[in-house]
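See structure below.
The values are calculated or read from the model by the stated rules, or taken from the named source; none is laboratory data. Just so we're clear, the structure is a prediction, and the values are computed from it rather than from any experiment. Heads up, the Cβs are rebuilt from the backbone with ideal geometry, glycines too, and the neighbour counts pull from every protein chain shown. Heads up: the accessible areas ignore ligands, DNA and RNA and are worked out on the full protein's heavy atoms, side chains in. Shrake-Rupley method; radii C 1.70, N 1.55, O 1.52, S 1.80 Å.
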Amino acid sequence: GELADEFINALEQCNEKIKQNSSKGAVALEFDRKFHEILIGACGNRMLIELYGRLNTQAHIIRYATWNFGPRAEINFREHAAIIEALKSGSITAAERAIARHLTSMLKDRNFVRSMEASGDQQNPSTALPLRAAARSRNS
């Protein structure tokens with residue numbers, strides 16, 4: 001219906017802005033935050049929306065720690081595009097899988113940053129993450 005079209009269009013516009021601004025970390029990150037808010041907001045579950053709002057501050061910190069690198073923006077763009085395509089297809093299973101892949105990808109980057117911090121590794125995560133992301137996209 002018209003509401004579903006507006007929802008998909010809003011997600012596509014945010015995702016396109018992520019791609020267009022991938023070299024501008026803070027700008028792309030803001031569109032990434034908006035993409036997630038639109039996606040969560042569409043569920044209609046007030047409790048889930050409130051919980052996401054509370055967790056979003058922590059999620060934003062994690063996104064920022066892994067974001068200021070070109071590959072993360074490109075990875076998010078591709079993962080978001082997969083979510084949008086699954087939603088367009090009408091397959092709940094495909095949408096669940098695409099969202100799970102996106103969350104898993106973000107958690108891997110978060111865990112990578114945390115492990116470097118915990119080990120006292122002198123290598124800056126901002127230089128290591130692009131290498132890791134590039135290796136991951138070659139293996140995909």
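Some observations on this one:
- When the Cα atoms of segment 1-100 are aligned to their principal axes, the ranges along those axes come out at 36, 27, 23 Å in descending order.
- Ranked order, Met106, Met47 - accessible area, probe 1.4 Å, largest first: Met47, Met106
- Summed side-chain charge close to Thr104 - residues other than Thr104 whose Cβ falls under 11 Å, Lys, Arg +1, Asp, Glu -1: +2
- Per residue, in Å², the accessible surface of segment 1-102 once ligands and nucleic acids are set aside, probe 1.4 Å: 58
- Legend: calculated FRET efficiency, Leu48 to Ala118, from the Cβ-Cβ distance at R0 = 30 Å, rounded to 0.05, equals 0.45.
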